[in-house]
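The values are calculated or read from the model by the stated rules, or taken from the named source; none is laboratory data. Keep in mind that this is a model prediction, so the values were computed, not measured. Reconstructed Cβ throughout: ideal geometry from the backbone, glycine too, with neighbour counts over all protein chains shown. All accessible areas refer to the heavy atoms of the entire protein, side chains included, with ligands and DNA or RNA removed. Shrake-Rupley method; radii C 1.70, N 1.55, O 1.52, S 1.80 Å.
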Amino acid sequence: GLVVLQPARKVLGRLLRVSKDSSSCGFEDACYCGPAVCSAVEDIPPMPLPRLVLRAGRRLALLDSGGVPRKDRLNVRIAFGLHASTTVPILSGSDPADNWGFLDDFDLRQPWAQRDTMSFCRDFPIELRVVELYCWMGDLRNYARDKLGRFPLRPMEFNDVANRYAVDGAGATRGPRYIWLVGEEVQAMFVSAYIDVHSKEDTADVLHHKAMWDAYVQEWNDKAYFAARGAFHVSELWVRAESASVLIMSTLETLIILFVLAFIAMFVFTRSCRLSLYVVIATAFVVVFLVFFVAVIDRSPIGLIEVVAIIYFIGYALDYSLHIAYKYSSREALSRESVPGEAAPTASMVRFRRTRFALKSMGGAVLGSAMTTGGAAFFLLFCDLILFRRLGAMCLAVTVASVIVALGPLPAMLCACGPVESCCCCCCCQLPGRSRRSKQLQRE
């Protein structure tokens, strides 16, 4: 047959109860407005058009539609009349009630305060991408205009009308959920906005969007009536994004500090900058492998627990390589390892003797320690708690990687380009009484 496509506008609405005794429970519905009208079935009688109560006082400032599904949209809440503490005690507990309070100057009874909070809900910039809004002041305005025929309300009648709206109002924000009541006085309120940003958006994009909200709320506070100022916005996604950003920077700073300390500690024991650098390189390789294991092999999100575990396991990654390098620089390495024949020792032969002595002296101890640590971590893999299983897997991975690096790539590196003599500085130095031999080995 003939198919004709005509444009239609979709309007989402919510039917609410007018009376608790005679009205239905209410439901959400969608109406399609336009030139096309669907004909009803003959057996179903036509029903009168119900009254749709929109969730915002004015929706012209909102986006027509959003590309993100509703369940995945970012929720931003804007509080009015509250102050919150930004400091959290670390060593002592605190009562949650002490972390927030009411602003002394905030007063919604003032007509200009009502106008300004209403304008906050009505005049959202398009770049904030607000697609759904729950504004208590907007619904109170609709209620006041229906009952009294005017808005804003006078100071002496504001609390009475607000309490009546909370009891028998028909708006989506009716009841005490969106306001703080002390007795019968409204002390604070908040607005809930859903924006067209995915809750799993990239951290950089989320922080950029948060910066736009910061600018908008700050600009509104600067222009608002003094009795309405003090608004601030919060969101769980803001917290996660800022935590991830701070966590990444703190992790990088901590790793740099730990590698520097590892270099200094290695230099104190071996008195060689070259050996210290090799140990740091081996440790960095193990840490990179551990991050690869967590993110790619185990497919776990890198959060606070993983970062703390990675920093903690740096000691495991450093320990085995440090023992091998320390034995390599030992003065006993050349005296314990004999030279075959009467040939003059060359630089490569000295490196080989030092490396063989290090592996003979510490190889068994390193393997035994790795088996003990890995065996203990292996049983954590069968725990019921995800935390224990994840820590066990990370401990097992860093143990295996550390022992492989300490007994494989590191000895190969020492054999190829390790220092010939023990040094007390970072340049090619000579110990007393060995200058002629050192020069000969350097030439060879």
Of the residues in segment 273-290, those that are open to solvent by 20 Å² or more (accessible area, probe 1.4 Å) and β-branched (Val, Ile, Thr) come to 280, 281, 288
For residue 183, the lone unmet condition from (1) open to solvent by less than 10 Å² (accessible area, probe 1.4 Å); (2) more than 18 Å from residue 119 (Cα to Cα) is (1)
Of (1) in a strand (DSSP E or B); (2) in contact with an Asp or Glu (Cβ under 6 Å, 6 or more places away or on another chain), residue 195 satisfies every one except (2)
Residue 358 vs (1) at pLDDT 85 or above; (2) of a type in the set (A, V, I, L, M); (3) open to solvent by 70 Å² or more (accessible area, probe 1.4 Å); (4) in contact with a Lys or Arg (Cβ under 8 Å, 6 or more places away or on another chain): all pass except (3)
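Listed here are the residues, each with its yes/no results for (1) farther than 26 Å from residue 71 by Cβ; (2) modelled with pLDDT under 90.
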site	(1), (2)
180	yes, no
184	yes, yes
189	no, no
193	no, no
213	no, no
216	no, no
222	yes, no
231	yes, no
234	no, no
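Going by what's in this entry, would residue 302 be described as hydrophobic (A, V, I, L, M, F, W, C) and either in contact with a strand residue (DSSP E or B) (Cβ under 8 Å, 6 or more places away or on another chain) or surrounded by fewer than 15 Cβ atoms within 10 Å (Cβ to Cβ) (or both)? Spell out the reasoning first.
Details: hydrophobic (A, V, I, L, M, F, W, C): yes; either in contact with a strand residue (DSSP E or B) (Cβ under 8 Å, 6 or more places away or on another chain) or surrounded by fewer than 15 Cβ atoms within 10 Å (Cβ to Cβ) (or both): no.
Answer is no for this residue.
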- Task: Answer yes or no as to whether residue 270 is modelled with pLDDT of 85 or more and buried (at least 21 other Cβ atoms within 10 Å of the Cβ).
- Result: no
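Is it true that residue 140 is part of a helix (DSSP H, G or I), open to solvent by less than 20 Å² (accessible area, probe 1.4 Å) and under 18 Å from residue 117 (Cα atoms)? Break it down stepwise before answering.
Details: part of a helix (DSSP H, G or I): yes; open to solvent by less than 20 Å² (accessible area, probe 1.4 Å): yes; under 18 Å from residue 117 (Cα atoms): yes.
Yes.
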Note on residue 128: of the conditions (1) in contact (Cβ under 8 Å) with a residue 60 or more places away in the chain; (2) within 23 Å of residue 71 (Cα to Cα); (3) open to solvent by 40 Å² or more (accessible area, probe 1.4 Å), unmet is (3)
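Being part of a loop (DSSP other than H, G, I, E, B) and of a type in the set (Ser, Thr, Tyr) is the filter here; which residues of segment 224-266 pass it?
If we filter segment 224-266 for residues that are part of a loop (DSSP other than H, G, I, E, B), which is where we start, we get 224-225, 229-231, 235.
Across segment 224-266, the qualifying residues are 225, 235.
For (1) farther than 14 Å from residue 320 by Cα; (2) buried (at least 19 other Cβ atoms within 10 Å of the Cβ); (3) touching a Pro at 6+ places or on another chain (Cβ under 9 Å), each residue gets a yes or a no:
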{"position": "378", "(1), (2), (3)": "yes, no, no"}
{"position": "394", "(1), (2), (3)": "yes, yes, no"}
{"position": "404", "(1), (2), (3)": "no, no, no"}
{"position": "410", "(1), (2), (3)": "no, yes, no"}
